[in-house]
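Report on the structure given below.
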Amino acid sequence: MIHSMKKFENNGRGGFTLVELLVVIGIIGMISAAMMTSVGHLKRSAKRAKAQGAVSDAHTALNLYLQKERRWHQTMINALEMDEKVCQVLAQNHLLDVKVDLGNLNSTSLDRFGFLDEWGRDALRRNPSLSTAAQVGFDGVKIEDRRIQFRLDIDNDGYVDAKEGSPKGLTIRANVIVWSRGPDGQDDFESRNPKARNRYPYDDLISWNHAQVISEQ
């Protein structure tokens with residue numbers, strides 16, 4: 001009799017029901033999805049932080065060059081982006097930590113196309129044999145479009161403006177402005193608020209702030 005009661009009690013401790021298993025699986029799935037979303041967000045944030053750091057590095061290097069030489073190098077005046085030649089000038093003056101080897105078609109340096117933003121550098125890490133005109137990502141952006149952009153105050157009036165090629169006709173109080181085109185590889189410079197006096201890009205990373213924007217077209 002006692003043996004039969006123990007057997008009954010043991011049978012009453014059955015495993016999980018199908019409903020309970022489905023609930024557990026559902027909870028695990030929700031947690032996994034949340035973790036994947038969080039990881040994706042962290043990766044995007046990390047790339048933006050690195051891109052902003054590259055903008056700051058280029059901005060500092062160009063300003064230091066001007067302070068040192070008291071004039072812009074002709075290579076910089078002729079350029080609108082951080083290409084190989086501009087990077088070489090800054091590297092030779094120990095102002096920017098890049099590895100540019102002009103004319104070396106076999107180079108696998110991350111800087112062989114100039115100073116790229118983080119999205120361009122990431123593409124080169126994954127495929128070191130990319131050519132200059134290679135497209136990266138699904139939006140058809142070329143690797144050369146991933147170069148950090150800049151404009152100079154060439155006439156030394158204290159402003160970078162439309163006649164010097166400032167984006168969207170901005171007049172900005174600065175010796176030089178620098179930006180990354182962001183994840184989409186496009187120069188956005190569109191306003192979130194059409195009535196706002198100073199417009200900012202949706203996803204571009206820039207070296208200037210609201211206080212420096214004097215006017216815009």
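We did not get these values from a lab; they are worked out from the coordinates using the rules stated. Note that the coordinates shown come from a computational prediction; the quantities given were computed from them, not determined experimentally. All Cβ positions, glycine included, derive from the backbone under ideal geometry; neighbour counts span all protein chains shown.
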| Which far-off residues, 5 or more places away or on another chain, put their amide H under 5 Å from the one on residue 184, with H placed in the peptide plane? | none
| note | hull vol. (C-alpha, convex hull) per residue for the stretch 15-85, Å³ -> 106 Å³
| said: Please list, in order along the stretch 161-171, the HN-Hα scalar couplings obtained from phi with the Karplus expression 6.51 cos²θ - 1.76 cosθ + 1.60 (θ = phi - 60°), rounded to whole Hz, x for Gly and Pro. | reply: 9, 4, 5, 9, x, 4, x, 6, x, 5, 10
| remark: Put in order of increasing Cβ neighbours within 10 Å, starting from the fewest, 168, 43, 50 give 43, 168, 50
| query | Sorted from fewest to most neighbouring beta carbons within 10 Å, what does the list 150, 115, 189 look like? | reply | 189, 150, 115
| Using modelled amide H (1.01 Å from N, peptide plane; none on Pro or chain starts), what sits under 5 Å from the amide H of residue 141, excluding residues fewer than 5 places away? | 136
| message | Going through the cross-link list 99/142; 85/168; 85/142; 47/163, which pairs have a Cα-Cα distance over 29 Å in this structure? | response | 47/163
| query | Once amide H atoms are placed 1.01 Å from N in the peptide plane, what residues at a sequence separation of 5 or more from residue 215, or on another chain, have their amide H within under 5 Å of its amide H? | reply | 171
| note | Taking a ≥ b ≥ c as the square roots of the eigenvalues of the Cα gyration tensor, with a/c under 1.5 meaning rounded and otherwise prolate when a/b exceeds b/c and oblate if not, the stretch 81-156 is oblate
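Can you tell me how much longer the chain between residue 36 and residue 157 gets when fully stretched, taken as 0.36 nm per residue apart minus their C-alpha distance, in nm with one decimal?
38.5 nm
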